[in-house]
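Coordinate-derived values only; no laboratory data. Small disclaimer: the values here were computed from a predicted structure and weren't measured. Every residue, glycine as well, gets a Cβ built from its backbone with ideal geometry; the counts of neighbours run over all protein chains shown.
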């Protein structure tokens, strides 16, 4: 885990003081809501349908128990006793009072946390693989690179008023668990001649016009990285479209001028930027990397006792292989049947913090699928962890199954939404509540967005649902065939939309078609890709 | 009207001309860049310019930040002025990008500007100002 030094702490403390001053000016009426808006939006504070919503950054989704407990404390003290983990590996609080906001940020700063750049047209929280440092297939831990980028992007003077928000993801495994190519910039760490560098993808994204990022550079050396990214951003800041927010993301620029022309302009800019001395020495990456050294694993070969059948099911579904012999990665699903995807009560957050402290070297991760990970659990402790989770109603054994739904807050909270997402997620999960039935369907990633902005990643869902407003009535479009993984693809709309119950029925029919047509170990996605839309369409609309 | 100026030389009296006008008859010494003007077009002429005014019609349009850095990186030493929808909370970013005078459309409180400029003791990245990035402080 990265630890702040006095410089990092000073930056965050200064931000709290600055924001306190801005809020005081607003409360005293010295500035109008219009003037306050750009200031609060640089700090994750949104005015939503019912109240202010505050988004707290969890850099690359990594946090320790002390920080996790602080998130519980904030839910208890400043909110209604729960928090919502987001697809950006952050947490949101939905019921924040403006006059308490600066105190809240001060408490966060005391555990090296902040809300800097969690909103606004700037470089947002850097996301990464939730299994970083634990995955058997990674070539390096991607988080030091993400931390390097976090620092470089914090209050970047040139890139704080970009055409639109800007999201960067860093991964280091062939299996992509972070939807890397659906980011404005996606970095995949690779080795070339023994040296670590980054393969750079630019111009991916979801929203109204989903795009898969093309590769712009196959290998950027570690000590060129910031210059290269700076060049990527400068070309975008100068030429990205403004005026129409739907055409302002970098994906539109890269698409309109073409990847080759964009690559050429970046190369030209890089040749100049590289002369400015903005890249820290490799010693800085090494300094950061030292914080992410592997924990002190014990030599253990103990396997868990599988005799408790409920435990065995959870073990098979939610526990993943670790690179260290005798250890495993535990996924905590925040998707109870009928619950709100990504929500956790303060008591549950405390339980997860305690379990991490006792059994996972004090570390937790937030995943883009709105779940929590205990990255380093000794296999001999898995039963104890499961019992602790079960007692807190956190042992849902549905990881990557149809009820492990990603959903945006939708019209229940969000001022941008056209339709509700949460009730649809609840109805689908309830329809498929039977775990044996879910497990029979296998991996099936279902994702729901309540508007075209696609915060619920519906484009990347094996099954995606998009809520739209049709003449004042909520209507749900269904897409099939998306993926946010290494087999990245954008889902296609299958036909006319449905009402809330209709879309649940259509999803069920699609799973029945899949069960009839699947061959071997095919997932829903594989069968769909092999047989195409027709058989599904016939069953749903026929 | 220039409200804040962080230079000691004389204010240039010449009115600024548009980029197109400047490129047509280049004996002017003051130019105004709109957000979609290419700042690079001025690079051959920097040594005879005393004022470059960068327009910010809307605070949200951040192209002017890149224009400023391009001009400073090319060695421009004259006055670099931000004009238009310039807000107090942007001035620190603008100073870091190389602006050294400000003509905000809506008048700003000098105390608030001073406070905004002194909020942060340290910065994480190199820019057009003389601030030493934190990584350099760490590694000497």
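A full extension of the chain between residue A:316 and residue A:434 corresponds to an added length of 40.8 nm, given 0.36 nm per residue minus the alpha carbon distance. With the convex hull constructed from alpha-carbon coordinates only, the stretch A:355-435 shows a mean projected area of 6.6 nm² over all directions. Site pair residue B:73 and residue A:469 shows an inter-label distance of 4.3 nm when each label is modelled 7 Å from Cα along Cα→Cβ. Compactness of the stretch B:49-108 was expressed as the Cα radius of gyration divided by 2.2 N^0.38 Å, which yields 1.01.
Working note: Debye formula, equal point scatterers on the alpha-carbon atoms of the stretch A:177-319, no solvent; log10 I(q)/I(0) at q = 0.16, 0.17 Å⁻¹ is -0.90, -0.97.
Over the stretch A:309-391, what per residue volume does the convex hull of the Cα atoms give, in whole Å³?
Working: hull volume 8.0 nm³, N = 83.
In the stretch A:309-391, the Cα convex hull volume per residue is 96 Å³.
Taking a ≥ b ≥ c as the square roots of the eigenvalues of the Cα gyration tensor, an a/c ratio below 1.5 marks chain A as rounded.
Using the Kirkwood formula on the Cα atoms of chain B, what hydrodynamic radius do you get, in angstrom to one decimal?
Working: mean 1/r = 0.0641 Å⁻¹.
Taking every pair of different Cα atoms in chain B, averaging 1/r and inverting gives 15.6 Å.
Only residues of the stretch B:7-26 count here: report those whose backbone N is under 18 Å from the spot 7 Å along Cα→Cβ of residue B:45, or say none. Zone members listed by number: B:12-26.
For the segment A:149-156, counting C-beta atoms of other chains within 10 Å of every residue's C-beta and taking the mean gives 4.
Residue A:268 to residue A:77: FRET efficiency via 1/(1 + (r/R0)^6), r the Cβ-Cβ distance, R0 51 Å, to the nearest 0.05? Write out the running numbers ahead of the final one.
Values: r = 52 Å, r/R0 = 1.02.
It comes to 0.45.
Taken over the stretch A:406-541, the ratio of Cα radius of gyration to 2.2 N^0.38 Å equals 0.99.
Across the stretch A:6-109, Cα pairs under 8 Å and at least six residues apart give a relative contact order of 31 percent. Working from label points 7 Å from Cα in the Cα-to-Cβ sense, the residue A:100 to residue A:515 distance is 4.7 nm.
Could you work out, residue by residue across A:167-179, how many beta carbons of other chains sit within 10 Å of that residue's beta carbon, and then give the average as an integer? Could the numbers behind the result be given before it?
On the way: counts 0, 0, 0, 0, 0, 0, 0, 0, 0, 0, 0, 0, 0.
What the average comes to for A:167-179 is 0.
The mean number of Cβ atoms from other chains found within 10 Å of a Cβ in peptide A:55-67 is 0, as a whole number.
Label-to-label distance, residue A:17 versus residue A:290, with points set 7 angstrom from Cα along the beta-carbon direction: 2.9 nm.
If r is the Cβ-Cβ distance from residue A:306 to residue A:259 and R0 is 45 Å, what FRET efficiency results, to the nearest 0.05?
Values: r = 50 Å, r/R0 = 1.10.
Using R0 = 45 Å, I get an efficiency of 0.35.
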